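K.L.:
I am attaching a structure below and will ask some questions about it afterwards.
Read-outs throughout are calculated quantities, based only on the coordinates presented, and are distinct from any laboratory measurement. These figures come from a predicted structure and were not determined experimentally. Counting neighbours? That spans all protein chains shown, and the Cβs are built from the backbone with ideal geometry, glycine included.
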Ligand SMILES: CC(C)(COP(=O)(O)OP(=O)(O)OC[C@H]1O[C@@H](n2cnc3c(N)ncnc32)[C@H](O)[C@@H]1OP(=O)(O)O)[C@@H](O)C(=O)NCCC(=O)NCCS
């Protein structure tokens, strides 16, 4: 193609050669909701919930505690662990499906709270894959020159959008926030992302009714509904190949990993993926779901923080992370742990 006949040529975007995660941080709300408490709302048992999901308890935010409040706590921890000032943050990507305002996004409010203005700030809606989408975007932004440091936050207050009396979802979801700071690096710290979508299956996990129906048809509060078995099958059969493709694209094998950090959807899904990936038994696997439940966009950074804090995964080690959920959408990449 010939050059456009403008008066001059444009400066190309100029970023860092490589990017990596500099620090992570998490926030878990104070209130622990046990399986026993969940069983006061649904006909179930602690034994059934543990056996079918691996969940023992989850955290719920206080009624007045917002998505932005939780995001702020996690972001401050991530910034401190990265040694980065809020003023150095050029962009904030906030992944959530439970910020209760259609507009504006939560990210600009978070930027203001942190003192990170005038950072670019926007929300993304990629459900349980939101964090891995955010890491991919941040990697591209740092290398593309649109920001030096990018704050990626996954945060959910799913308790606001869960029907307590729905046997299929009441025991699964929890609240929380996790964050990561992505910035320039001397080495490749974020491998190629393998991601995609299958919108034909959009109804398998979905807000039950659109807001317009709430206005026009006086329907119940539109909590999140889920066809559990369909999601289960999709996750078990379709996500292991995505995780394998992320390994292949990064040029590493399962043996090279120091940690496997899948979305904390269900312990049985995690176990099935381990089997399909033929993950060697000595590689630590995130099992944060037991005490955190499924926190959607927050689950991977929360699990990462726990593994690093408890010494289960080494700083500087290689971790395979994969998020998948409503859409249906997914994203996976191998990262160097901060
Ligand atoms: C939700 C989930 C745990 C349900 O487990 P399941 O084995 O598929 O359960 P089913 O819906 O097939 O129901 C099996 C039986 O348990 C019963 N059951 C369903 N929910 C129950 C509950 N909360 N407590 C006790 N029994 C329950 C059903 O009535 C059924 O009984 P029956 O065999 O007598 O008919 C499972 O489908 C799942 O984890 N799906 C994926 C969810 C997920 O990860 N979502 C997030 C993705 S991001």
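K.L.:
Find how much the distance from residue 11 to residue 146 grows on full extension, using 0.36 nm per residue of separation minus their present alpha carbon separation; answer in nm with one decimal.
P.N.:
This chain segment gains 47.3 nm when fully extended.
K.L.:
Then there's this: Tell me, 197, 299, 81 in order of fewest to most beta-carbon neighbours within 10 Å?
P.N.:
Result, fewest neighbours first: 197, 81, 299.
K.L.:
Given a cut-off of under 8 Å on Cα pairs at least six residues apart, what relative contact order in percent is computed for the range 107-220?
P.N.:
Rounded, it is 20 percent for the range 107-220.
K.L.:
In vacuum, with every alpha carbon of the range 273-338 counted as one equal point scatterer, what does the Debye formula give for log10 I(q)/I(0) at q = 0.18, 0.20, 0.24 Å⁻¹? Two decimals, please.
P.N.:
The calculated log intensity ratios at q = 0.18, 0.20, 0.24 Å⁻¹ are -0.74, -0.92, -1.28.
K.L.:
Out of every Cα pair in the range 1-153, what percent are spaced more than 25 Å from each other?
P.N.:
Roughly 44 percent, rounded to a whole number.
K.L.:
If packing is taken as the average count of other Cβ atoms within 10 Å, what order do 183-191, 39-47, 221-229 fall into, highest mean first?
P.N.:
On the way: 183-191: 18.1, 39-47: 13.0, 221-229: 16.6.
Ranking, from highest mean packing down: 183-191, 221-229, 39-47.
K.L.:
Just grab the label-to-label distance for residue 237 and residue 221, each label 7 Å out from Cα along the Cβ direction, in nm (one decimal).
P.N.:
Going from the residue 237 label point to the residue 221 one covers 3.6 nm.
K.L.:
For the range 180-246, take N as its residue count and report Rg(C-alpha) divided by 2.2 N^0.38 Å. All intermediate terms of the calculation are to be shown ahead of the outcome.
P.N.:
Numbers: Rg = 18.3 Å, N = 67, 2.2 N^0.38 = 10.9 Å.
Ratio of Cα Rg to 2.2 N^0.38 Å: 1.68.
K.L.:
Still on this structure, please answer the following. Distance in nm between label sites at residue 41 and residue 102, each 7 Å beyond Cα in the beta-carbon direction?
P.N.:
2.6 nm
K.L.:
Okay, moving on. What ranking of 263, 99 emerges when the number of other C-beta atoms within 10 Å of each C-beta is taken as an exposure proxy, fewest first?
P.N.:
Working: 263 33, 99 23.
By the 10 Å Cβ count, ascending: 99, 263.
K.L.:
If you don't mind, another one. Throw me the Rg/Rh for the chain, computed over C-alpha atoms with Kirkwood Rh, two decimals.
P.N.:
Details: Rg = 19.7 Å, Rh = 20.2 Å.
Radius of gyration over Kirkwood radius for the chain works out to 0.98.
K.L.:
Once you place label points 7 Å from the Cα toward the Cβ at residue 212 and residue 117, how far apart are they in nm?
P.N.:
Between residue 212 and residue 117, the simple spin-label model gives 3.4 nm.
K.L.:
Taking only C-alpha pairs under 8 Å that are 6+ residues apart, what is the relative contact order of the chain in percent? Intermediate results must be reported in sequence, preceding the final value.
P.N.:
Numbers: 842 pairs, mean separation 85.6, N = 338.
It comes to 25 percent, rounded to a whole number.
K.L.:
Within the range 41-67, list the residues whose amide N lies under 18 Å from a label point set 7 Å along Cα→Cβ of residue 30.
P.N.:
Backbone N within reach: 58-67.
K.L.:
Still on this structure: Sequence gap at least 6, Cα distance under 8 Å: using those rules, report the relative contact order of the range 1-112 to the nearest whole percent.
P.N.:
Contact order relative to length: 29 percent.
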